[in-house]
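Engineer: If you scroll down you'll find the structure; I have some questions about it.
Rule-based calculations on the coordinates, nothing more; no lab input. Since the model is a prediction, treat every value here as computed from it, not as a measurement. Cβ coordinates were reconstructed from backbone atoms using ideal geometry, including for glycine residues, and neighbour counts include every protein chain displayed.
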Amino acid sequence: MAEVKAGRPARLSRELIVETALSCDLSTLTMRELAQRLGVSHSALYRWVAHRQALFDLISEVMVERIVPSDEPTVDNWRTWLARLAWAAHDEFLAVPGYAMHVAAPHTHNEQSFGHLRERVVHAFRLAGASEAMAEQSWHVFGISVVTWLGAAQAGVDAGPGRPRFELFLDTLLRGLPTREPVEYPR
């Protein structure tokens, strides 16, 4: 059996970086500030995450793990499964200052984490009877709608009694999904 040498324990880990970042306001967090909060040099942090977008990719992987229900959607529960996913996103994204606004802003999403999320949501819409093409369209409608609502809520856009409550918004959204070929309306 090979002898394991005791050495200096790793000061950084994926979990520690994400946990520390999630305790900050992500809209203003800099890599330098994160390194300082972690108690490491700026260059040590860059060995783990190459740049700010890589940090958000890492955060998104963890957030998607947190919000995707552990069970699979079924023909009988696809709508409630999607509602649980949306409520988990609501709770997790809004708990971290700046995260919902970041996700709602135009940028390239982490293909690994958001690809997993997309696959699960598309699968739910396929179980609802949507064709592959309409399930993909439903994913876009669902995802864009939920993250836009969350980003606007976090930014305080239309705050007050006029903004639709999340449960009303979500109920209306899910009643209209999965998407179908649209009716031609006059222009």
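Engineer: Which whole-Hz couplings ³J(HN,Hα) result when phi for each residue of region 131-139 is put into the Karplus expression 6.51 cos²θ - 1.76 cosθ + 1.60, θ = phi - 60°, listed in order with x for Gly and Pro?
Structural biologist: With coefficients 6.51, -1.76 and 1.60, one gets 5, 4, 5, 6, 5, 5, 5, 5, 4 Hz.
Engineer: Going by a ≥ b ≥ c, the root eigenvalues of the Cα gyration tensor, does region 26-120 fall in the rounded group (a/c under 1.5), the prolate group (a/b larger than b/c) or the oblate group? Mind dumping the intermediate values first?
Structural biologist: Working: a/c = 2.66, a/b = 2.26, b/c = 1.18.
Prolate shape, in that a/c is at least 1.5 and a/b is the bigger ratio.
Engineer: Sort F125, F169 so the one with the fewest other Cβ atoms within 10 Å of its own Cβ comes first.
Structural biologist: On the way: F125 25, F169 17.
Listing F125, F169 from fewest to most nearby Cβ atoms yields F169, F125.
Engineer: Nearest 10 degrees is fine. How inclined is helix 166-175 to the longest principal axis of the chain, computing both from alpha carbons?
Structural biologist: Helix 166-175 and the main axis of the chain meet at about 60 degrees.
Engineer: Any idea what Rg and Dmax come out to for the chain if you just take the C-alpha atoms, in Å?
Structural biologist: 19.7, 78
Engineer: Further question on the same structure: Per residue of region 82-91, what does 6.51 cos²θ - 1.76 cosθ + 1.60 with θ = phi - 60° give for ³J(HN,Hα)? Whole Hz please, x for Gly and Pro, Karplus curve as stated.
Structural biologist: Whole-Hz 3J(HN,Hα) from phi for region 82-91: 5, 5, 5, 4, 5, 5, 5, 4, 3, 5.
Engineer: Say R0 is 30 Å: what FRET efficiency, to the nearest 0.05, do T80 and Y185 get from their beta-carbon distance?
Structural biologist: In this case the efficiency is close to 0.45.
Engineer: Turning to a different aspect of this structure: Say the dipole of the chain comes from +1 at the beta carbon of Lys and Arg and -1 at that of Asp and Glu; which of A44, L12, L22 then lies farthest toward its positive end?
Structural biologist: A44
Engineer: OK, next. Per residue of the chain, what 222 nm ellipticity follows from adding -39500 (n - 2.57) for every DSSP H run with n ≥ 4, rounded to the nearest 500?
Structural biologist: -19000 deg cm²/dmol
Engineer: On a 0 to 90° scale, report how tilted helix 52-67 is relative to the longest principal axis of the chain, with both axes built from alpha carbons and the result rounded to the nearest 10.
Structural biologist: 60 degrees
Engineer: Given an 8 Å cut-off on Cα distances and at least 6 residues of separation, report the relative contact order of the chain as a percent.
Structural biologist: Details: 159 pairs, mean separation 39.7, N = 187.
Once normalised by length, the contact order is 21 percent.
Engineer: May I pose another question? Taking the Cα atoms only, what angle lies between the long axis of helix 111-127 and the longest principal axis of the chain, rounded to 10 degrees?
Structural biologist: Compared with the principal axis, the helix lies near 30 degrees.
Engineer: In debye to the nearest 20, how big a dipole does region 1-153 give about its Cα centre with +1 on each Lys and Arg Cβ and -1 on each Asp and Glu Cβ? The partial results should precede the final answer.
Structural biologist: Working: 14 positive and 17 negative charges, 110 e Å.
In debye, rounded to 20, region 1-153 gives about 520.
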